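Structure record follows, encoded as structure tokens.
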Amino acid sequence: AVHILWINLITDSLPALALGSDPKEDDIMKSKPRDPEESLFSHGGLRLTIFYGVLIAVLTLVAFLSIPIAEIARQSGIDEVNYRSILMTLEDADILMKAQTFAFTTLAVSELFHAIGMRNIRKSVLEFKFLDNKLMLIAFAVGVLLQVMVTEIPIMNTFFSTTRLGIFDWSFILGLSLMVLLAHEVIALSFYIRGKRRKKSKVN
């Protein structure tokens, strides 16, 4: 439970304020006005919410399962990886704690990356003017720093029931978490292609 509360603290406080203070887009007046009574989940909002929720959940589960699977592969070989062997491996308290730490950290960091992408779902991250919203950079940096403290400071390890992570562990977690921004790029590209098609059809 303390993990969930911590994630809410670092992902729903400063990042939310940063998104709220994001400057208006230069081309905002080119967009059609929205109906003030329409649902928050209109225009594909519900689909995107479900998609990102499932994606982050899958990434978190992959992070969790990677620990027992790696341990089984190391001891008995990859052919011995199955549901039962995973459960048996997780009976080891140290392995379970590391798996939980992986899942906990992946969930936190992936949500921080997700906040960056949510600045504009229709544009590539490469098009963002990051210096226009310094609060988002601060929110991301503070969030990651706090998560590092939870995993690397002994007293925090005890309080949060986490274990210290090495460079390879962090590289793996960051790689998984970045999948959220990769998904954002694919979605932004789809919006770009659809926009081009609409313009082309109007010309024709």
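Ligands, DNA and RNA left out, the 1.4 Å accessible surface of segment 43-131 is 64% carbon and sulfur atoms.
What longest region of the chain stays clear of GluC sites (Glu not before Pro) that DSSP places outside H, G, I, E and B and that have at most 10 other Cβ atoms within 10 Å? Between the exposed loop sites, the longest stretch runs 92-204. Counting every alpha-carbon pair across the chain, the share separated by more than 26 Å comes to 44%.
Given +1 at the Cβ of Lys and Arg, -1 at the Cβ of Asp and Glu and no other charges, the dipole of the chain around its Cα centre is 1400 debye to the nearest 20. Here is how the number arises for the chain: DSSP H runs of 4 or more residues each give -39500 (n - 2.57), the sum is divided by the residue count, and the result at 222 nm is -23000 deg cm²/dmol. The mean sequence separation of alpha-carbon pairs under 8 Å and at least six residues apart, normalised by the residue count of the chain, gives a relative contact order of 29 percent. What accessible area per residue comes out for the chain, rounded to a whole number of Å², with a 1.4 Å probe? Ligands and nucleic acids excluded, the figure is 64 Å² per residue.
The values are calculated or read from the model by the stated rules, or taken from the named source; none is laboratory data. The structure displayed is predicted, hence computed values, not measured ones. Cβ: placed from backbone, ideal geometry, glycine included. Neighbour counts: every protein chain shown. Just the protein is used for accessible areas: all its heavy atoms, side chains included, with ligands, DNA and RNA removed. Shrake-Rupley method; radii C 1.70, N 1.55, O 1.52, S 1.80 Å.
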